[in-house]
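> Please see the structure below; I have some questions.
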Amino acid sequence: MYTVDELNDQLIDLAFSEDIGDGDHTTLCCIPEDVMGKSRLLIKEDGILAGIRIAKEIFHRFDPSMQVEVLIEDGTRVKPGDVAMVVSGKVRSLLQTERLMLNVMQRMSGIATMTARYVERLQGTRTRVLDTRKTTPGMRMLEKEAVKIGGGVNHRIGLFDMILLKDNHVDFCGGIANALDRCAAYQKEKNLNLKVEIEVRSFDEIRQVMEHGGADRIMLDNFSVENTRKAVEMIGGKFEIESSGGITIDTMREYAECGVDYISVGALTHSVKGLDMSFKAC
C-alpha cells in the first residue's frame, strides 16, 4: 500500500507529464532559462483556502530552487484581493507549475468552502458531516484533506480501511444475518479488526441488525425525516447512526435534529465548484 506522500508524488508526476509532455514550447520559445521572477496567488472569491501544503510540494518537486512565501494558511477564510502566497524562482518554472497548482488549489478550496457551508448548517447539533468515495480518481487523498480543512469528517478512505455492507452486498449474501456472519468470519480468518457499518432500508432491517449484532454503525438509506426520528428512537444509542441518500444542505438540519451521529454528503466532492483564484506576475 502506498503512503499519502507517495500517492501525492505520483499524482504530481502524472499531472506534469500530461500537461508538459515533451516540453512547454510556449514558455521555452520566449523566456530565457536564467530569467528570474515572482508570482502571487490572488484570491478572487470568498471562501475557505485549501491546498497550500500540496502547492508547496508541486513547486518543490518541479524545481527545488523555487521559494514559497506563505501569507495565508489552509483553513483560513479568504476574500477577493487577498494574496495567499508569493513564489519566487525561474520564470520558466513559475509558468510551467502555474496550471497544476491552480487546478489543485481551486478544487481543494472549493471543497473546503462547500464543506464549511454544510458544517455551519449543523451548528448546535451533535451531527458531523461525512464525505464519501465519490471523488476524482487520483485526487481522493487531497479531496478528503480539503473536507477536513473545511471542518468535515472523513468516512473510509477506500475499500481497505472499513467494512461497509451496502444493499447490494446484503442482497447478494441473502440477507442481513448472512452478510454480518460472513463479515465476522472473514475478519477472524484474516486477523482484521475493521469497523463495520451496514446499510438498512427498512425498520425490519434495523431490527435484524439489532438482534444479530456484529456492526458498529447503521446507515439509514433514503429514510424520510419522520422515519429517521423513529429509527433513532428504535436504535436507542446502541449503534452509531449515519443518514445518507437524498439529503441536501436545505434539509440536513432536520435530519441532524433527529439525533443521528453523521450525515454523509457525496456533493462535497462530486459536484463542487472550484474557488476562483489566479497566479499573476508581481
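> Taking all pairs of distinct Cα atoms, average 1/r, flip it, and tell me the Kirkwood hydrodynamic radius of region 37-88 in Å to one decimal place.
About 11.3 Å for region 37-88.
> Keeping every protein chain present and rolling a 1.4 Å probe, give me the accessible area per residue for the chain in Å².
50 Å²
> Now, a different point. How much accessible surface area, in Å² rounded to 10, belongs to the heavy atoms of Phe239 with a 1.4 Å probe?
Phe239 has an accessible surface of roughly 30 Å² with all protein chains in place.
> Give the carbon-plus-sulfur fraction of the accessible surface of the chain in %, rounded to a whole number; probe 1.4 Å, heavy atoms of protein chains only.
Exposed carbon and sulfur together represent 49 percent of the surface.
> Further question: By how many degrees, between 0 and 90 and to the nearest 10, does the Cα long axis of helix 4-20 differ from the longest principal axis of the chain?
The two axes meet at around 50 degrees.
> What number, in percent, do you get for the relative contact order of region 189-282 if the mean sequence gap of Cα pairs under 8 Å and at least 6 apart is divided by its residue count?
Over region 189-282, the number comes to 22 percent.
> Then there is this: By the gyration tensor of its Cα atoms, with a ≥ b ≥ c the square roots of the eigenvalues, what is the shape of region 70-165: rounded for a/c under 1.5, prolate for a/b over b/c, or oblate?
oblate
> For the chain, with a Gaussian network of springs between Cα atoms less than 10 Å apart, report the residue from Glu145, Glu33, Glu57 with the top mean-square fluctuation.
Highest fluctuation among the options: Glu33.
> Can you give me the distance in nm between label points at Lys38 and Asp24, each placed 7 Å from the Cα along the Cα-to-Cβ direction?
If labels sit at Lys38 and Asp24, their model points lie 1.9 nm apart.
> Rule-of-thumb check for the chain: C-alpha Rg over 2.2 N^0.38 Å?
Here the Cα radius of gyration is 1.21 times the empirical estimate.
> Measure out, as a whole number of angstrom, how far apart the alpha-carbon centroids of region 121-174 and region 181-253 sit.
Region 121-174 and region 181-253 have Cα centres spaced 14 Å from each other.
> Right, another one. Restricting to bridges with both residues inside the chain, how much of the DSSP beta-bridge set is antiparallel, in percent to the nearest 5?
50 percent
> Now, a different point. Normalised by the number of residues in the chain, what is the relative contact order in percent for Cα pairs under 8 Å and 6+ residues apart?
Answer for the chain is 23 percent.
> Pairs Lys148/Lys230; Lys148/Lys188; Lys134/Lys280; Lys166/Lys238; Lys144/Lys280; Lys190/Lys230: which are spaced more than 26 Å apart, C-alpha to C-alpha?
Over 26 Å apart, Cα to Cα: Lys148/Lys230; Lys148/Lys188; Lys134/Lys280; Lys144/Lys280; Lys190/Lys230.
> Using the Cα gyration tensor of region 164-282, with a ≥ b ≥ c the square roots of its eigenvalues, what is the shape: rounded (a/c below 1.5), prolate (a/b larger than b/c) or oblate (neither)?
Judged from the Cα gyration tensor, region 164-282 comes out oblate (a/c at least 1.5, b/c at or above a/b).
> Using the Cα gyration tensor of region 116-179, with a ≥ b ≥ c the square roots of its eigenvalues, what is the shape: rounded (a/c below 1.5), prolate (a/b larger than b/c) or oblate (neither)?
Because a/c hits 1.5 or more and a/b fails to exceed b/c, region 116-179 counts as oblate.
The values are calculated or read from the model by the stated rules, or taken from the named source; none is laboratory data. Source: prediction; values computed, not measured. So basically every Cβ, Gly included, is an ideal-geometry build from the backbone, and we count neighbours across all protein chains shown. Quick note on the areas: whole protein, heavy atoms, side chains included, nothing else; ligands and nucleic acids left out. Shrake-Rupley method; radii C 1.70, N 1.55, O 1.52, S 1.80 Å.
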